[in-house]
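Written out below as structure tokens is the structure these notes cover.
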Amino acid sequence: MEKYRKSVDAGIIDIIVGLMITAIGFLGPLALLTGNNAKSQPGPGHILLIIFGGAILFAVGLFTVYGGEMAMKRRRWGLALAASICASLVVFGIPSLILTILSKKEFVNNTGVRK
């Protein structure tokens, strides 16, 4: 078993949760705007709000996926921590935040030396 495993596990969780958030950010507004809802159709202000909210979720999901990749490569601990914080907004991302905090020593700094 590898000596440094927590960061890889945190990265995998970040990527899975990030893909879920990205899918919700993309498909959620589509479902709200194109579905045959029992509610009346939203007005122009509501449409912009739905699209804006979906774009924010989509961006947060992509950021979480990128941070998960950095955690798996053991680079940029701060970025990996920020991505884990974004992933912890979903209940399944809380273990990622804990593992990223515990794995700080596994990451390398810019000179290639482990912290």
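At-a-glance table
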item: Qualifying residue in the range 36-43 (condition: more than 18 Å from Ala71 (Cα to Cα), surrounded by 12 or more Cβ atoms within 10 Å (Cβ to Cβ), at pLDDT below 90 and not charged (D, E, K, R)); result: yes
item: Long-range neighbours under 7 Å by Cβ, at least six apart or interchain, first residue under 14 Å from Leu57 (Cβ atoms) and of a type in the set (Phe, Trp, Tyr) within the range 26-43, second at pLDDT 65 or above and surrounded by 12 or more Cβ atoms within 10 Å (Cβ to Cβ); result: Phe26/Gly54; Phe26/Phe58
item: Candidate set from the range 44-72 (those that are of a type outside the set (Val, Ile, Thr) and modelled with pLDDT under 85); member that is nearest to Ile13 (Cα to Cα); result: Leu49
item: Residues that are of a type in the set (Ser, Thr, Tyr) and at pLDDT below 80, drawn from the range 17-35; result: Thr34
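The values are calculated or read from the model by the stated rules, or taken from the named source; none is laboratory data. If you're wondering where the values come from, they're calculated on a predicted model, not measured in any experiment. In this analysis, Cβ positions are derived from the backbone assuming ideal geometry, glycine residues included, and neighbour counts consider all displayed protein chains.
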